[in-house]
Amino acid sequence: MLEQWYEILKQSKLFDDISMQDIKTMLECLAPRMASYKKGEIAARFAEPMEGLGILVEGCLAVQKENTDGARMIIHMLKPGEMFGEMALFAEDRMWPATIAVQEDSTILFIPPDKIVGRCFQACSFHRQMTTNMLKIVSEKAIHLNRKVKFLSIKGMREKLCTYFWELYERSGKNIFLLPMNRTELADFLNVSRPSMSREMCRMRDEGLIDFHLSTIKVLNKEQLASYVQ
């Protein structure tokens, strides 16, 4: 039944540096549960007991959190091959750290936590590699969350945008670069409304700070852009 998902699973970071044949063998040991969901359903709910590490193999999911006002904020959009719940695997009380909302009909494989963090009695090398991969994934996620908190702490719209664009500018080493997410995802990441963000980007273009077309951003005035960076 899992055969149709082998290629998707091979793309998952959980199985980095593990051969396709070893993945097939591992799946027999991991014994994941396959679950299908319709658009609009909830695959996992914040603070409820964790069923297992989720790997999306088909569809689209949104990782959501609610603020004190009850408004939902999208933390991340998940595509096939990506996973969720990894930050809770090593917790004493394994609860879902966020709500997983189904954006389109989806299929998810749930791997029991003990199969990931528990001891493999066969001592297979590829299981050890999977554990190494998991530690790397958790470390990268922690860095990403720290970055998210940084942008949430910035108050002004222009300051958020300039700080984000400045990061991409420094990372690429060029004054022309591509946004790694679309406008809606960027607005969600910065925790702002898309219309307000688009208006501010247009003002920045009119003032000669940047130019843009679709996902391409061009820095026109590096010094002025840097003056808003926080």
Efficiency of FRET from Cβ geometry, Leu135 and Lys222, R₀ 35 Å, rounded to 0.05: 0.40
Pairs beyond 20 Å (Cα-Cα), from Lys24/Lys115; Lys150/Lys218; Lys148/Lys174; Lys13/Lys38; Lys10/Lys136; Lys39/Lys150: Lys150/Lys218; Lys148/Lys174; Lys13/Lys38; Lys39/Lys150
Vicinal HN-Hα couplings computed from phi for the range 103-108 (Karplus, 6.51 cos²θ - 1.76 cosθ + 1.60; Hz; Gly/Pro x): 8, 8, 3, 9, 10, 10
Antiparallel bridges, percent of DSSP beta bridges restricted to the chain (to nearest 5): 100 percent
Net charge of Cβ neighbours under 13 Å - reference Leu30; Lys, Arg +1; Asp, Glu -1: 0
Amide proton proximity set for Val192, modelled H, under 5 Å, gap of 5+: none
Positive dipole terminus of the chain, leading residue within Gly52, Ile137, Leu190 (C-beta point charges): Leu190
Cα-centred dipole magnitude for the range 9-72, charges only on beta-carbon of K, R (+1) and D, E (-1), debye, nearest 20: 200 debye
Kirkwood Rh (inverse of mean 1/r, distinct Cα pairs), the range 154-226, angstrom: 12.1 Å
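Counting Lys and Arg as +1 and Asp and Glu as -1, each charge on the Cβ, what is the dipole of the chain about the Cα centre in debye, to the nearest 20?
Charge dipole, the chain, about its Cα centre: 560 debye, nearest 20.
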Farthest toward positive dipole pole in the chain [+1 Lys/Arg, -1 Asp/Glu at C-beta], among Asn146, Met157, His127: Met157
Cα pair distances of the range 3-152 binned at 5 Å [whole percent]: 2, 9, 18, 23, 21, 15, 8, 3, 1, 0
Longest site-free stretch - the chain; sites: GluC sites (Glu not before Pro), DSSP loop, at most 13 other Cβ within 10 Å: 93-206
12 Å beta-carbon shell around Asn133, net charge (K/R +1, D/E -1): -1
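Rule-based calculations on the coordinates, nothing more; no lab input. Everything numeric in this text was worked out from a predicted model, so none of it was measured. With ideal geometry, Cβ positions are generated from the backbone for all residues, glycine too; neighbour counts draw on all protein chains shown.
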